[in-house]
Amino acid sequence: MLIAGNWKMNMTRPEAVRLATEVLSKYSPTDSVRAAVCPTAVCLESVGAVISGSGIGLGAQNMHAADSGAYTGEVSAAMLKSVGCDYVILGHSERRQYFGETDAGVNGKVHQALSNGLTPIVCVGEQLHEREAKRAEEVVRNQTEGALAGIGLSDPTTLVVAYEPVWAIGTGVTATPEQAQEMHAFIRSLLVSLLGSVGTSVDILYGGSMKPGNAAELLSQEDVNGGLIGGASLKADQFLAIVEAAQFA
Ligand code: PGA
């Protein structure tokens, strides 16, 4: 199980340090659940210093696919690694929607993250009109196969997939546990056909309005192996309540 907080474009540096400090002060590590926080790029190093040695992982929210060069405003995998990142969220629906990210672009980033020792958290998920048109599986299949093309994996912990139905992100509407399990089982079958037996052990997170009140039920589903938490990760108590729910799921 992995519970990762996606802080999105929130928190100045002092605010981020305060939130990380509060999370750390109430966090007790367990063997069954890993926790991670994903602040903005400018706060990675300061938050990393707070959580260093605690067992809480550090993740970025995006990166560029190239090693280095003339890409004004961008950040490379090696840069993220050098400030202590363990994870990088790739292909989040907000990046697809507002910044034109494509499956091929996400695929380049996944390759680059893996070759730099960063664990990508690859986000997939359909929009409401796609679900209503009964195209959810087709969309998720294209995104998953596109993002993971050419990937070979020997260690399942070096990749994480997050199913985030776009209609559930930041809306307060979550997928039902049955809807989540159904899609997670479908993603599991895709991972096995793409990666072989290692695909059976890759964590598939659910994201989209996961909160302390609905986490236990979602996390108890067989193929729901954790959560990618937006809004609720900005409150230490709520984030840690979800981490605790994962321990008992
Ligand atoms: P939310 O965001 O928990 O606020 O719905 C989840 C995400 O976008 O990762």
Inset, instruction - Within region 132-164, count every residue that is within 16 Å of the ligand (Cβ to nearest atom) and over 24 Å from residue 58 (Cα atoms). - result: 2
Inset, instruction - Determine if region 92-99 includes at least one residue that is within 16 Å of the ligand (Cβ to nearest atom), surrounded by fewer than 19 Cβ atoms within 10 Å (Cβ to Cβ), farther than 15 Å from residue 65 by Cβ and of a type outside the set (Ser, Thr, Tyr). - result: yes
Legend entry - helices (runs of 4 or more DSSP H) completely within region 135-222 that count 3 or more residues being out of contact with any strand residue (DSSP E or B) (no Cβ under 8 Å at 6 or more places or on another chain), farther than 22 Å from residue 244 by Cβ and open to solvent by 70 Å² or more (accessible area, probe 1.4 Å): 136-147, 177-195
Legend entry - strands (runs of 3 or more DSSP E) completely within region 1-114 that count 3 or more residues being touching a helix residue (DSSP H, G or I) at 6+ places or on another chain (Cβ under 7 Å) and within 29 Å of residue 165 (Cα to Cα): 2-6
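Right, residue 218: closer than 25 Å to residue 31 by Cβ, over 15 Å from the mean Cα position of the chain (by Cα), modelled with pLDDT of 95 or more and within 15 Å of the ligand (Cβ to nearest atom) or not?
yes
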Inset, instruction - Could you tell me which of the residues 89, 3 is within 14 Å of the ligand (Cβ to nearest atom), closer than 19 Å to residue 147 by Cα and open to solvent by less than 50 Å² (accessible area, probe 1.4 Å)? - result: 89
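The values are calculated or read from the model by the stated rules, or taken from the named source; none is laboratory data. Not measured: the values here are computed from a predicted model. We place every Cβ from the backbone using ideal geometry, glycine too, and count neighbours over all the protein chains shown. In case anyone asks, the SASA skips ligands and DNA or RNA and just uses the protein heavy atoms, side chains included. Shrake-Rupley method; radii C 1.70, N 1.55, O 1.52, S 1.80 Å.
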